[in-house]
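Presented below is the structure to which this report refers.
The values are calculated or read from the model by the stated rules, or taken from the named source; none is laboratory data. Everything quoted here is computed from the prediction, not taken from an experiment. Using ideal geometry, Cβ is built from the backbone for each residue, glycine included, and neighbour counts are taken over all protein chains shown.
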Amino acid sequence: MKMLSSDKKFSYFMHQLLLEPRESGLSTEKYQALTTQFKKESRLLFEDNQINDLLLLNDSGELLYSIAGHEDELGENLSASGFYGETILSELLQEITENKQFTVSGFGKIELFDQQVTLMGVPLFLKDSVNTKKFVGVMIALFPLNWMRETLTKYESGEIYEGLGESGDISLIQWRRGEEREAINFINTLKSDLLREPPEACQQMRTNEPDKFSMVQVLDHIDGAGWSLNPSCTPVYSVWRWLPELKWGMTLNQHKEEVLGPIEGLRQVTLLLILFYLPLFGILVRYQLRVLTRPIAGLVDAAESGTILEYPRVAVNEVNLLATALQENEKRLSKANQAKDEFLASMSHELRTPLTSIIGNSELLKDKTVDEDTRSIIEAVERAGRGQLALVNDILDISKLESGKFTIDKQPYDLSKLLNDLLLTFSPQAEDAGLLFSVIQKNHEEKMLIDDAQRITQILINLIGNGLKFTSQGGLQLTTWVEDNRLIYQVKDSGVGMSPAVLDKLFGRFEQADSSISRRFGGSGLGLYISQNLAMLMGGEITVSSEEGEGSLFTLRLPYQQSELPVKQLHQEKAAPVTDEPFSGHILVAEDTPELQLLERRILEGFGLTVTTANDGQEAVDLVKNNSFDAVIMDMQMPVMDGIEATKVIRASGNSLPIIALTANVMQKHRDAFNEAGCNCFLGKPINKNELLAVLKGCVNRG
């Protein structure tokens with residue numbers, strides 16, 4: 001616009017068109033000749049600048065000229081007081097008249113031109129006899145919204161705007177009524193999608209939580225980038241910029257699912273590779289053992305069959321060489337097992353770290369969400385995360401079981417509390433599925449029982465979870481009693497049942513009835529294999545009886561052993577630290593992952609605590625040295641100095657403040673290392689808020 005108005009020939013005709021009507025009117029031959037010559041001289045300029053129409057108006061707002069014609073409207077007053085009343089054109093005229101500067105209008109439809117347009121206008125001046133500039137009119141250019149939308153769209157091979165993927169879009173945004181914030185106008189590459197009527201909950205969110213929408217932030221003249229919502233409340237990654245020259249905002253959006261898609265694909269491929277290579281690794285080790293032990297196996301067979309004298313003799317040196325080879329092979333196997341343990345530890349850490357963020361933030365977001373649809377989506381994300389966590393735990397359990405490193409920790413426990421916790425855990429799930437879940441305790445214990453309550457719970461969770469998974473109507477019942485000095489746990493369901501062929505292989509590794517089970521109900525086929533091995537380690541067993549269409553009956557039998565500790569006493573001891581009373585304190589969080597720093601801060605501040613963060617172990621040591629904290633939450637794997645070394649340094653300085661290990665490294669050797677360094681407590685990731693709260697209330701003074 002400024003370039004057009006500065007063109008000498010263009011400027012000459014424009015000023016003549018403004019002056020002639022003042023002197024002789026619009027119908028003179030001179031005026032008609034001027035308009036004809038003006039069109040001839042300026043049309044090329046208009047086409048080069050993509051201008052749809054150009055208007056000249058005098059200082060009263062009367063239309064003097066239109067390159068597109070509109071002869072019937074010449075002389076019409078287009079200001080707010082004229083025939084067409086208040087329009088984006090009249091608003092533009094008023095603003096240019098008041099401010100005397102280049103101005104851009106809002107987007108809208110003008111009845112005069114019968115199309116959606118945006119307008120750009122500049123004031124026009126003439127110098128009088130004393131060389132004083134006098135405002136004489138306005139030049140306005142019209143740009144159709146269709147042309148602007150096409151400018152935002154780049155078609156290559158049928159895709160919209162290459163580089164933004166399937167869901168990417170660009171928007172130009174403006175307040176519809178200046179700064180009054182009555183409504184928003186915008187031009188968008190996917191406008192039809194964004195203008196569909198959103199749900200009522202989305203409309204309420206637009207009103208109550210506008211800061212979640214990048215479209216609103218950019219209209220507040222704020223530049224930025226990050227996760228936000230588009231107008232239909234879909235999560236997107238957005239970049240937004242304010243364009244002060246145009247008084248427009250611009251946003252670039254891409255749906256969250258498309259942004260995170262490559263990460264999700266990589267995670268799935270990683271899990272598949274783990275599941276694929278672990279069995280192959282076991283097969284390779286077994287084959288190597290068979291090759292190396294075959295000569296000794298031949299000697300053993302000959303001795304057992306009584307044909308040792310007929311067996312070819314070997315020299316002592318050869319036997320010694322064989323023994324040496326076996327010893328060397330044992331060392332290689334030890335290194336291989338160590339490598340496997342390191343691989344499993346690394347896998348566990350690398351998977352638990354993002355799962356901690358996924359599950360933890362899902363829990364926090366779910367607690368803050370009232371919309372049922374949004375809540376169901378968040379719960380689906382949380383369930384998927386917990387499903388992946390269960391798979392990681394199963395793989396670690398199998399590794400420990402097969403290496404003989406699985407330990408049973410027998411401690412006093414309250415049977416009634418264990419059963420009640422199971423009832424509270426599974427009742428909502430059963431109710432959602434339209435099933436009834438009940439618990440019957442026939443043996444009411446006055447004293448604590450002795451066993452590994454964590455592993456008993458793990459077994460029962462697997463049995464009850466399977467029952468719920470394969471039951472569509474009726475329900476499940478968990479019953480306990482004592483019989484022949486054995487504690488019996490019995491899980492009965494009214495599900496699909498199993499055939500004898502399925503029962504024969506039920507407790508095998510990765511075994512399910514058929515491939516359709518995995519497709520329909522999910523699962524890896526590891527749960528019952530692990531449960532049976534845990535039961536045997538505790539001196540018990542799991543048996544099952546079932547008929548197709550009649551349901552299944554799983555029975556867990558474990559040794560029955562009472563402690564001398566009354567149930568009530570342990571209840572009091574364990575319940576003391578955990579209350580609903582508010583408490584306060586200053587906690588140092590040593591964590592190198594920014595997402596987990598933020599998650600832990602949110603959880604702890606939700607408890608009422610003050611939080612300081614450290615990005616590595618050395619920073620944590622320095623902060624403890626120079627500040628007073630009530631407790632430290634310490635990660636293991638951190639740059640500069642890891643959590644174990646940092647704990648040792650803090651203890652070496654004589655500081656006895658509570659240090660809580662919170663790490664994705666959850667194998668027994670990691671627990672032992674933290675205990676030896678001087679940690680007071682060990683918690684694994686993902687974070688269990690209840691466990692963390694209980695530990696903190698035991699460490700921090702209540703407020």
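In this structure, does T207 turn out to be not aromatic (F, W, Y) and not in a strand (DSSP E or B)? Outline the logic, then answer.
Details: not aromatic (F, W, Y): yes; not in a strand (DSSP E or B): yes.
So T207 passes the test.
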Review point. So Y287 fits all but one of (1) at pLDDT below 80; (2) not in a helix (DSSP H, G or I); what number is the exception?
Key: (2)
Check your understanding: Just wondering, is there one or more residues in segment 150-158 that are aromatic (F, W, Y), surrounded by fewer than 14 Cβ atoms within 10 Å (Cβ to Cβ) and at pLDDT below 65?
Key -> yes
Point to revise | Single residue of segment 646-666 satisfying the filter (hydroxyl-bearing (S, T, Y) and more than 14 Å from G617 (Cα to Cα)) that is farthest from the chain's Cα centre (by Cα) | key: S653
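Go through the residues of segment 486-507 one by one and say whether even a single one is closer than 20 Å to E402 by Cβ, in the same structural domain as K447 (by TED's automatic domain parsing) and at pLDDT below 80.
Initially, segment 486-507 is screened for residues closer than 20 Å to E402 by Cβ, giving 505-507.
Retained after the next criterion (residues that are in the same structural domain as K447 (by TED's automatic domain parsing)): 505-507.
With at pLDDT below 80 added as a condition, the list becomes 505, 507.
Yes, segment 486-507 contains a residue that is closer than 20 Å to E402 by Cβ, in the same structural domain as K447 (by TED's automatic domain parsing) and at pLDDT below 80.
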Review point. In segment 583-595, what residues are within 16 Å of A620 (Cα to Cα) and either within 17 Å of the chain's Cα centre (by Cα) or not charged (D, E, K, R) (or both)?
Key: H586, I587, L588, V589, A590, T593, P594
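Yes or no: segment 509-529 includes at least one residue that is outside the structural domain of I395 (by TED's automatic domain parsing), modelled with pLDDT of 90 or more and in contact with a strand residue (DSSP E or B) (Cβ under 9 Å, 6 or more places away or on another chain). Lay out the reasoning, then the answer.
We begin by selecting, within segment 509-529, every residue outside the structural domain of I395 (by TED's automatic domain parsing); these are 509-529.
Of the ones still in play, those that are also modelled with pLDDT of 90 or more are none.
Within segment 509-529, none of the residues are outside the structural domain of I395 (by TED's automatic domain parsing), modelled with pLDDT of 90 or more and in contact with a strand residue (DSSP E or B) (Cβ under 9 Å, 6 or more places away or on another chain).
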Review point. With respect to D451, is the statement that it is free of Cβ contacts under 8 Å to residues at least 24 places away in the same chain and either buried (at least 20 other Cβ atoms within 10 Å of the Cβ) or assigned by TED's automatic domain parsing to the domain that holds G551 (or both) true?
Key: no
Check your understanding: If only one of S376, S399 is more than 25 Å from the chain's Cα centre (by Cα), in a helix (DSSP H, G or I), over 30 Å from S563 (Cα atoms) and modelled with pLDDT of 70 or more, which one is it?
Key -> S399
Study note, to complete from the structure: When L272 is run through (1) touching a residue at least 24 places away in the same chain (Cβ under 8 Å); (2) in the same structural domain as I378 (by TED's automatic domain parsing); (3) not basic (K, R), the failure sits at (1)
Check your understanding: Restricting attention to segment 439-454, does a residue exist that is within 24 Å of E548 (Cβ to Cβ) and either in a helix (DSSP H, G or I) or not acidic (D, E) (or both)?
Key -> no
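Test E86 against the stated conditions and say whether it is at pLDDT 75 or above, assigned to a helix (DSSP H, G or I) and more than 15 Å from L54 (Cβ to Cβ).
Details: at pLDDT 75 or above: yes; assigned to a helix (DSSP H, G or I): no; more than 15 Å from L54 (Cβ to Cβ): yes.
Against the criterion (at pLDDT 75 or above, assigned to a helix (DSSP H, G or I) and more than 15 Å from L54 (Cβ to Cβ)), E86 does not qualify.
Can you tell which of E573, E595 is at pLDDT below 85 and surrounded by fewer than 17 Cβ atoms within 10 Å (Cβ to Cβ)?
Numbers: E595 fails: at pLDDT below 85.
Going through E573, E595 in turn, the sole match is E573.
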